[in-house]
Amino acid sequence: MREISILGSTGSIGTQTLEVIENLKEIRVAGISGNHNIDLLEKQVRRFKPRFVAVMDERKAKILKERLSDVDTKVLSGMKGLIEVATIQSVDTVVTSVVGNVGLKPTFEAISAGKNIALANKETLVSAGQLVMDLAKKKNISIYPVDSEHSAIFQSLQGNEGNPIRRILLTASGGPFRGRRKEELAHITVADALNHPNWSMGKKITIDSATLMNKGLEVMEAKWLFNVSTEQIEVLVHPQSILHSAVEYEDGAIIAQMGEPDMKVPIQYALTYPKRVKSPYPKVDFAQRNTLTFEKPDMETFRCLALAYHALEVGGTLPAVLNGANEIAVERFLNGKISFLQIPELIEQTMDAYTVKYEYTLEDLLEADNWARNFATNLNF
């Protein structure tokens, strides 16, 4: 029986991954990790009986260790614990579903240890795409995308090796504020921004979807995952979220992957590739889903998408700065410290104040991320 580890098992992707595993019944969970939700972690340990569980919050780890004194699972803590879960010897695939740059180091360590990656942590490729892909190639491991859009692109490429790509059509729902002008977003509340029309996700990614930064991060991911230029990636707003993304080839043929909006489908494909295993998840009824619409994104109103394209074009350490600044901006918005429209303003000011490095190491990227967070935290509005 195959074994996997899940980094971020208490989040939206992590909990859905465990649901998928329950349905598959052919994969064992060897390790899981969470940040501070030890109530859920305890339930997961008792249900799935992993050998290791890591908690980023060291104080919470001690509490969990006391609660789990009657089971064999070893409780780990901090970044060291995350890395240990990511590098368990018997594991062949690590699902990286932690939110933010915290996933960078354990993903690098997992790849270095020869583990395949089921990637749901956007920030790993956003901040360190070149380094990650170079290391993956060196270690001869596979990176399977878990995001529905990148999974769709990955699936649309199957059987077409060697055929040149004209463009990637990366779809976006448009979020809860699609069609609104900038002046209409001046008084958006946190509750408004968290009310996504199609997807059930964690708070950070839901706010990113509302600002279209999520799509900007996905553009950056797509460049590295599929080895294309920035100009070959076109964002297409598709409110129904049925067509998850597509690839257009040089002959004009477009191959797309479609399905009901359910993250468990791409999660399952990442875990079972190249097999397609029967699942209980909802199937599309085209007689009911009889209208699919598409439109261009409004990058003037939703500046975050334009900023992501700019960071990708400039390159170097700037994407890491954009990512770090965005995490702080979202946090400040969720805490009521800045307005919705100030999210892109804060990010842009942080990017403008930074001097980009074009020759860099992983340590340089972590330093750029830390600089961006400090600058964005202390920026007055």
Open item on the list: Condition first: under 21 Å from Gly179 (Cβ atoms), charged (D, E, K, R), in contact (Cβ under 8 Å) with a residue 24 or more places away in the chain and not in a strand (DSSP E or B). Can you find one or more residues in the stretch 230-250 that meet it?
Closed with: no
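Give me a count of the residues in the stretch 16-34 that are in contact with an Asp or Glu (Cβ under 6 Å, 6 or more places away or on another chain) and touching a residue at least 60 places away in the same chain (Cβ under 8 Å).
First, the residues of the stretch 16-34 that are in contact with an Asp or Glu (Cβ under 6 Å, 6 or more places away or on another chain): 28, 30.
So of that shortlist, the ones also touching a residue at least 60 places away in the same chain (Cβ under 8 Å) come out as 30.
Adding up the residues that qualify gives 1.
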TODO: Check Lys74 against each of (1) crowded, with 18+ Cβ neighbours inside 10 Å; (2) touching a strand residue (DSSP E or B) at 6+ places or on another chain (Cβ under 7 Å) and name the one condition it does not meet.
DONE: (1)
Task: Restricting the stretch 248-267 to residues that are among the hydrophobic types (A, V, I, L, M, F, W, C) and within 19 Å of the chain's Cα centre (by Cα), the residue that is surrounded by the most Cβ atoms within 10 Å (Cβ to Cβ) - done: Ile267
Open item on the list: Which of the numbered conditions does Val95 fail, given that it passes all the others? Conditions: (1) in contact with a helix residue (DSSP H, G or I) (Cβ under 6 Å, 6 or more places away or on another chain); (2) free of Cβ contacts under 8 Å to residues at least 24 places away in the same chain.
Closed with: (2)
- [ ] Among the residues of the stretch 145-203, count how many are within 22 Å of the chain's Cα centre (by Cα), of a type in the set (Gly, Ala, Ser) and under 26 Å from Asn116 (Cα atoms).
- [x] 5
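Tally the residues that are touching a Lys or Arg at 6+ places or on another chain (Cβ under 9 Å) and among the charged types (D, E, K, R), restricting the search to the stretch 66-83. Explain how you work it out, then say what you get.
Just the residues of the stretch 66-83 that are touching a Lys or Arg at 6+ places or on another chain (Cβ under 9 Å), to begin with: 68, 71-75, 77, 79, 82-83.
Add one more test, that the residue is among the charged types (D, E, K, R), and what stays is 72, 74.
The qualifying residues number 2.
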TODO: Residue by residue through the stretch 273-290, note down the ones that are in contact (Cβ under 8 Å) with a residue 60 or more places away in the chain and farther than 16 Å from Ser156 by Cα.
DONE: Val277, Ser279, Pro280
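Check Phe340, Phe381 and return the single one that is among the hydrophobic types (A, V, I, L, M, F, W, C), at pLDDT 95 or above and not in a helix (DSSP H, G or I).
Working: Phe381 fails: at pLDDT 95 or above.
The unique qualifying residue is Phe340.
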Task: Given (1) surrounded by 16 or more Cβ atoms within 10 Å (Cβ to Cβ); (2) free of Cβ contacts under 8 Å to residues at least 40 places away in the same chain, number of the condition Ala270 does not satisfy - done: (2)
Open item on the list: The conditions are (1) within 29 Å of Lys283 (Cα to Cα); (2) free of Cβ contacts under 8 Å to residues at least 24 places away in the same chain; (3) of a type in the set (D, E, K, R), and Arg178 fails exactly one of them. Which is it?
Closed with: (2)
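Considering only the stretch 259-293, state which residues are outside any loop (DSSP other than H, G, I, E, B) and of a type in the set (S, T, N, Q).
At the first step, the residues of the stretch 259-293 found to be outside any loop (DSSP other than H, G, I, E, B) are 264-272.
Gln268, Thr272, listed by residue number.
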TODO: Kindly list, by first and then second residue, each pair from a residue in the stretch 131-156 that is touching a residue at least 24 places away in the same chain (Cβ under 8 Å) to a residue that is part of a loop (DSSP other than H, G, I, E, B), limited to pairs with Cβ atoms under 7 Å and residues at least 6 apart or on different chains.
DONE: Lys139/Gly114; Ile141/Gly114; Ile141/Lys115; Tyr144/Tyr273; Val146/Ala120; Asp147/Ala120; Ser148/Met263
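From the set of residues in the stretch 156-186 that are among the basic types (Lys, Arg) and more than 25 Å from Glu260 (Cβ to Cβ), which is surrounded by the most Cβ atoms within 10 Å (Cβ to Cβ)? Quick ask: steps written out before the conclusion?
To start, the set of residues in the stretch 156-186 that are among the basic types (Lys, Arg) comprises 166-167, 178, 180-182.
From what is left, the residues that are more than 25 Å from Glu260 (Cβ to Cβ) are 166-167, 180-182.
Working: Arg166: 14, Arg167: 17, Arg180: 15, Arg181: 10, Lys182: 12.
Within the stretch 156-186, the match that is surrounded by the most Cβ atoms within 10 Å (Cβ to Cβ) is Arg167.
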Task: Conditions (1) over 23 Å from the mean Cα position of the chain (by Cα); (2) under 14 Å from Val94 (Cα atoms); (3) not small (Gly, Ala, Ser): number failed by Ile63 - done: (2)
Open item on the list: So Ser245 passes all but one of these: (1) within 18 Å of Gly159 (Cβ to Cβ); (2) surrounded by fewer than 20 Cβ atoms within 10 Å (Cβ to Cβ); (3) of a type in the set (Gly, Ala, Ser). Which condition number does it fail?
Closed with: (2)
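The values are calculated or read from the model by the stated rules, or taken from the named source; none is laboratory data. Please read these numbers as outputs of a predicted model, since none were measured by experiment. Counting neighbours? That spans all protein chains shown, and the Cβs are built from the backbone with ideal geometry, glycine included.
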